[in-house]
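Report on one structure; see the data block that follows.
The values are calculated or read from the model by the stated rules, or taken from the named source; none is laboratory data. All of these numbers come straight from a predicted model, not from anything done at the bench. Note: ideal-geometry Cβ built from the backbone for every residue, glycine included; neighbour counts use all protein chains shown.
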Amino acid sequence: MKRLSGLSIMRRLILELSTLTPVMMITISMGVLGFLAAIAITVFGAVAIGAFIGEITFISFKGALIVMGVCAVLRGLLRYMEQLSGHYIAFKILAILRDKIFTALRKLAPAKLEGKEKGNLISMVTSDIELLEVFYAHTIAPICIAIITNSIITYILFRIHPSFGLIGGLFFIAVGLIIPYASSIYGKAAGVSYRQTFAKTNSYILDSLRGLKEILLFNNSEARLKAVNHSSEELNKSQAKIKGHEGLVRALSDLMVMLAILTTVFVGSGLYESGAVNFAQYLIAIVILAASFGPVVALSNLSNTLLQTFACAERLFDLLDEVPEVHEVPGNQQITSNEISYNQVNFEYPNRSGVLLEDVSMTIKKGDKIALIGESGIGKSTFVKLLMRFFDVTSGHIHIEDRNIKEIPTKSLRKTQTLVSQETYLFDETIEQNIKLAKANATREEVIAAAKKASIHDFIETLPRGYDTRVGELGGNVSSGEKQRIGLARAFLRESEVLILDEPTSNLDTLNEGEILKAIKENSKDQTIVLISHRKSTTAICEKTYKIQDRKIILEA
Ligand SMILES: Nc1ncnc2c1ncn2[C@@H]1O[C@H](COP(=O)(O)OP(=O)(O)OP(=O)(O)O)[C@@H](O)[C@H]1O
């Protein structure tokens with residue numbers, strides 16, 4: 001994958017912000033005024049002392065105290081406004097980015113997501129996006145605030161005496177620009193490596209939790225534990241590197257601030273002695289300079305978190321830029337599937353060499369019930385994935401009626417087809433909501449009728465709260481057969497034109513299988529069925545059986 005530079009990541013992150021520019025302006029203005037108020041408090045503190053001992057006459061002691069009080073109140077208010085608008089921007093933009101990520105995931109699914117590690121995706125949509133908050137709430141505005149505030153301060157110092165302006169300008173640049181820039185170059189690899197190790201560890205732990213049963217059965221727990229510990233150690237090492245780097249940056253910044261003050265005291269004493277500045281100017285210059293490093297120090301501290309933020313942003317942009325295997329066709333017009341035809345279809349998975357289907361031609365008419373058989377791994381599921389356009393054919397074409405499926409709106413295609421696969425995923429919602437996934441506006445009666453057809457109604461009635469039982473409450477205690485029957489209930493409720501059944505009864509006993517096949521047969525008079533199965537008993541409900549063999553499709557006698 002091509003690595004993006006820090007600058008181009010930053011440019012892209014800022015571009016995402018364009019719609020919120022007015023709010024950003026408010027944040028920056030409040031930030032600048034807030035810092036100036038804070039600096040003024042310290043400066044007028046010194047001025048008050050000067051006035052008290054009679055060295056400063058342009059303002060009275062009382063006047064200086066009043067200015068300090070006003071600035072203190074303003075400082076609080078301005079800081080509050082800055083934080084409020086800054087976080088408004090951050091959370092608004094995170095919502096926009098989350099939306100973009102989910103849209104990208106939807107477009108990439110299912111083809112491009114089949115091979116992705118789920119843990120990696122989880123850390124991307126949760127913690128990676130969260131880290132961007134740092135950039136939007138605590139990076140862009142502080143950079144602008146530091147540039148504006150410290151330019152104003154440099155100008156004021158310059159007006160007191162050009163030498164003070166020069167000292168201020170140089171040290172502000174050193175702390176706010178040179179140190180963070182050097183630090184980001186020096187520490188980028190550590191930031192990227194930390195995020196990668198973090199995502200890898202997440203994936204590994206998630207994978208281990210999913211396969212816990214297999215781990216226990218095959219006595220693999222010690223090896224797994226060792227690997228988890230190893231990952232944690234790697235993570236610690238990565239973090240230690242980042243923290244060490246952070247410490248160094250802080251120490252360097254503090255050193256620079258001290259050096260700046262010392263230089264001002266030293267140069268200022270010479271100027272005072274030569275009469276170039278008076279005592280008040282000398283004192284104010286030192287106090288202003290000492291009080292003005294806040295905005296630039298904030299930048300040098302930022303560069304550490306920024307490294308991680310950039311690493312996260314890079315991963316997110318990689319995902320957003322990933323080209324989907326199949327491009328969605330917009331639109332929502334209704335289509336019918338009176339005839340589906342495969343015409344000299346050839347197919348090879350893009351990421352794997354070897355043709356899986358070769359010169360496949362066949363026609364499926366409305367109401368046809370066809371069975372697809374063949375050895376495991378021969379390409380039966382692939383055949384239906386092409387019909388559902390999870391992947392596009394390598395050559396040849398698939399038509400529904402007279403239209404190439406590549407031109408049919410994706411939504412319309414999905415509406416006409418329902419897939420029941422070997423594994424049905426149940427969401428942590430109620431059983432009713434899980435079935436209603438197939439038809440959101442279905443009534444309770446329709447749900448029950450579908451469940452009865454799928455022979456799952458009696459089981460649901462035994463649950464503590466029947467159809468209102470949440471799947472999570474069952475603690476994963478739903479058998480694969482029960483899950484499969486809920487999947488079938490979804491299909492019965494959907495009543496789509498084409499029903500694709502990929503081993504729909506693989507987890508059921510013969511008695512249940514018989515009942516379900518009977519229900520499928522009785523309820524699918526006009527429906528087209530494409531059924532994949534290894535069992536002769538299952539394919540018995542079909543009129544025609546096709547076999548995939550040596551990459552070809554053959555009609556069985
Ligand atoms: N997304 C994918 N990318 C690359 N190869 C894949 C992908 N999905 C499946 N394959 C491979 O394609 C081949 C055919 O898989 P497919 O699932 O179509 O077989 P099948 O006949 O349905 O097998 P089974 O009866 O075991 O379910 C297999 O070798 C499989 O590993």
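Have a look at Tyr88, Tyr80, Tyr136 and point out the one that is of a type in the set (Phe, Trp, Tyr), at negative phi and touching an Asp or Glu at 6+ places or on another chain (Cβ under 9 Å). Spell out how you get there, then give the answer.
Numbers: Tyr88 fails: touching an Asp or Glu at 6+ places or on another chain (Cβ under 9 Å); Tyr80 fails: touching an Asp or Glu at 6+ places or on another chain (Cβ under 9 Å).
Just a single option satisfies the conditions, and that option is Tyr136.
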Worksheet item: Only one residue in Lys411, Lys406 is more than 13 Å from the ligand (Cβ to nearest atom), under 22 Å from Leu108 (Cβ atoms), at pLDDT below 90 and surrounded by fewer than 17 Cβ atoms within 10 Å (Cβ to Cβ). Which one?
Response: Lys411
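Just to check your reading of the model, which residue among Leu508, Leu488 is touching a Lys or Arg at 6+ places or on another chain (Cβ under 8 Å), buried (at least 18 other Cβ atoms within 10 Å of the Cβ) and assigned to a helix (DSSP H, G or I)?
Numbers: Leu508 fails: assigned to a helix (DSSP H, G or I).
Only one candidate qualifies: Leu488.
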Worksheet entry | region 528-557 - residue that is within 14 Å of Val384 (Cα to Cα) and aliphatic (A, V, I, L, M) and, of those, farthest from the ligand (Cβ to nearest atom) | Ile529
Worksheet item: touching a helix residue (DSSP H, G or I) at 6+ places or on another chain (Cβ under 7 Å), among the hydrophobic types (A, V, I, L, M, F, W, C) and more than 30 Å from Pro330 (Cβ to Cβ) - does that describe any residue in region 75-88?
Response: yes
Discussion item. Can you say whether Tyr467 is aromatic (Phe, Trp, Tyr), under 27 Å from Gly377 (Cα atoms), surrounded by 14 or more Cβ atoms within 10 Å (Cβ to Cβ) and modelled with pLDDT of 80 or more, as far as the supplied structure shows?
Written reply: no
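Look through Ala519, Ala540 and report the one residue that is under 20 Å from Asp368 (Cβ atoms), assigned by TED's automatic domain parsing to the domain that holds Thr363, of a type in the set (Gly, Ala, Ser) and touching a Phe, Trp or Tyr at 6+ places or on another chain (Cβ under 8 Å).
On the way: Ala540 fails: touching a Phe, Trp or Tyr at 6+ places or on another chain (Cβ under 8 Å).
That would be Ala519, the only listed residue that is under 20 Å from Asp368 (Cβ atoms), assigned by TED's automatic domain parsing to the domain that holds Thr363, of a type in the set (Gly, Ala, Ser) and touching a Phe, Trp or Tyr at 6+ places or on another chain (Cβ under 8 Å).
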Fill in: Within region 289-331, considering residues that are surrounded by fewer than 21 Cβ atoms within 10 Å (Cβ to Cβ) and in contact with a Ser or Thr (Cβ under 6 Å, 6 or more places away or on another chain), the one farthest from Gly31 (Cα to Cα)
Val329
Worksheet, complete the sentence: Sole miss for Ala276 among (1) surrounded by fewer than 18 Cβ atoms within 10 Å (Cβ to Cβ); (2) assigned to a helix (DSSP H, G or I); (3) in contact (Cβ under 8 Å) with a residue 24 or more places away in the chain is condition (2)
Worksheet entry | Number of the exception - Pro350 against (1) more than 21 Å from Asp550 (Cβ to Cβ); (2) surrounded by 14 or more Cβ atoms within 10 Å (Cβ to Cβ); (3) within 15 Å of the ligand (Cβ to nearest atom) | (2)
Response to the item:
When every residue in region 263-298 that is farther than 22 Å from Val47 by Cβ and of a type in the set (A, V, I, L, M, F, W, C) is compared, the one modelled with the lowest pLDDT is Ala298
Worksheet entry | Selection within region 373-387 - near the ligand (Cβ under 6 Å from one of its atoms) and either of a type in the set (Gly, Ala, Ser) or under 33 Å from the mean Cα position of the chain (by Cα) (or both) | Gly374, Ser376, Gly377, Gly379, Ser381, Thr382
Practice prompt. Name the single residue, out of those in region 502-521 being under 20 Å from Lys380 (Cα atoms) and of a type in the set (Ser, Thr, Tyr), that is farthest from the ligand (Cβ to nearest atom).
Written response: Thr505
